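Trainee: Before anything else, here's the structure in question.
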Amino acid sequence: SPSYEVWTDWGISTSLLSPSESTLDFFRQVFDHLLEIFPSPVIALGGDETPGATGEHRAFVRQLAEHLVARGRTPMGWDEVLDIDGLPPMVIGAWRNEDAGLRAASAGHDVVMCPEQHVYLDHRQSSHPDEPVPVGWVHTLEDVYAYEPALRGARLRGVQAQVWSEHLD
């Protein structure tokens with residue numbers, strides 16, 4: 001098996017977990033332990049930014065979601081998990097765009113709308129050259145507050161604003 005160094009950068013890693021049965025068993029045990037500690041009805045799995053994910057990796061995420069459902073919890077995943085066949089009903093964090101939220105609701109999932117284009121608080125507040133880290137595009141706090149999601153109705157669980165600390169000085 002390949003040897004990996006501890007990754008000390010930020011961004012998207014191309015190193016993925018081995019989707020083996022022993023890895024799945026390990027994660028089931030970790031989640032079972034977390035479920036004993038945290039009473040939250042929704043448990044986040046992640047599932048985003050996984051270049052190189054195979055069908056086995058997608059099945060791995062689906063099996064973890066099924067495990068949480070079997071334990072009486074609702075799994076949550078970022079909108080990339082919509083590419084996984086056979087997902088149980090879950091909560092989808094629609095971060096890439098509003099269409100992802102509409103697609104998730106059409107597939108029978110609940111949705112938290114959090115599209116980067118509208119609600120990311122780590123994007124620039126102005127085009128001033130002293131802006132600390134010029135990430136994303138300019139939109140102000142007022143722009144974030146004014147966001148009205150395209151998705152309406154029972155499938156919309158809410159709106160969530162994001163801030164990613166690797167962009168903060």
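Trainee: Kindly indicate whether any position in the stretch 73-84 is open to solvent by 60 Å² or more (accessible area, probe 1.4 Å) and either more than 22 Å from residue 162 (Cβ to Cβ) or of a type in the set (Val, Ile, Thr) (or both).
Mentor: Our first condition is that a residue be open to solvent by 60 Å² or more (accessible area, probe 1.4 Å); within the stretch 73-84, this holds for 83.
Next cut, either more than 22 Å from residue 162 (Cβ to Cβ) or of a type in the set (Val, Ile, Thr) (or both) only: none.
No: zero hits.
Trainee: Looking at (1) surrounded by fewer than 17 Cβ atoms within 10 Å (Cβ to Cβ); (2) touching a residue at least 12 places away in the same chain (Cβ under 8 Å), which is the one condition that is false for residue 128?
Mentor: (2)
Trainee: Of all residues being part of a loop (DSSP other than H, G, I, E, B), of a type in the set (A, V, I, L, M) and farther than 24 Å from residue 103 by Cα in the stretch 131-157, which is least open to solvent (accessible area, probe 1.4 Å)? Just the residue, please. Can you show your working first?
Mentor: Within the stretch 131-157, the subset part of a loop (DSSP other than H, G, I, E, B) is 131-140, 146-155.
Retained after the next criterion (residues that are of a type in the set (A, V, I, L, M)): 133, 135, 138, 146, 150-151, 154.
Retained after the next criterion (residues that are farther than 24 Å from residue 103 by Cα): 133, 135, 138.
Details: 133: 43, 135: 27, 138: 68 Å².
Residue satisfying both the conditions and the ranking: 135.
Trainee: How many residues are exposed (fewer than 10 other Cβ atoms within 10 Å of the Cβ) and acidic (Asp, Glu) when one looks only at the stretch 26-57?
Mentor: 1
Trainee: Working only within the stretch 97-124, note down all residues that are assigned to a loop (DSSP other than H, G, I, E, B), farther than 22 Å from residue 68 by Cα, open to solvent by 40 Å² or more (accessible area, probe 1.4 Å) and at pLDDT 95 or above.
Mentor: Residues of the stretch 97-124 assigned to a loop (DSSP other than H, G, I, E, B): 97, 107-109, 114-115, 121-124.
With the extra rule that they be farther than 22 Å from residue 68 by Cα, the set shrinks to 97, 114-115, 121-124.
Narrowing further to those that are open to solvent by 40 Å² or more (accessible area, probe 1.4 Å): 97, 121, 124.
Matches in the stretch 97-124: 97 only.
Trainee: Collect the residues in the stretch 36-61 that are under 16 Å from residue 91 (Cβ atoms) and in contact (Cβ under 8 Å) with a residue 12 or more places away in the chain, keeping them in residue-number order. I'd like the intermediate steps shown before the answer.
Mentor: Taking the stretch 36-61 first, the residues under 16 Å from residue 91 (Cβ atoms) are 38, 40-48, 61.
Selection gives 40, 41, 42, 43, 44, 45, 46, 47, 48, 61.
Trainee: On the given criteria, is residue 64 assigned to a helix (DSSP H, G or I), under 24 Å from residue 147 (Cβ atoms) and in contact (Cβ under 8 Å) with a residue 12 or more places away in the chain?
Mentor: Here the answer is no, as residue 64 does not meet what is asked.
Trainee: I'd like the residue in the stretch 67-84 that is under 12 Å from the mean Cα position of the chain (by Cα) and outside any helix (DSSP H, G or I) and, out of all such residues, is nearest to residue 35 (Cα to Cα). Quick ask: steps written out before the conclusion?
Mentor: Taking the stretch 67-84 as the starting set, the residues that turn out to be under 12 Å from the mean Cα position of the chain (by Cα) are 75-82.
Applying the additional criterion that residues be outside any helix (DSSP H, G or I) yields 75-78.
Values: 75: 12, 76: 14, 77: 17, 78: 20 Å.
Per the stated criteria, the residue is 75.
The values are calculated or read from the model by the stated rules, or taken from the named source; none is laboratory data. None of the values given here were measured: they were computed from a predicted structure. No Cβ is skipped: glycine too gets one built from the backbone with ideal geometry, and neighbour counts run over all protein chains shown. The protein model used for the area step is the full one, side chains on, heavy atoms only, and it has no ligands, DNA or RNA in it. Shrake-Rupley method; radii C 1.70, N 1.55, O 1.52, S 1.80 Å.
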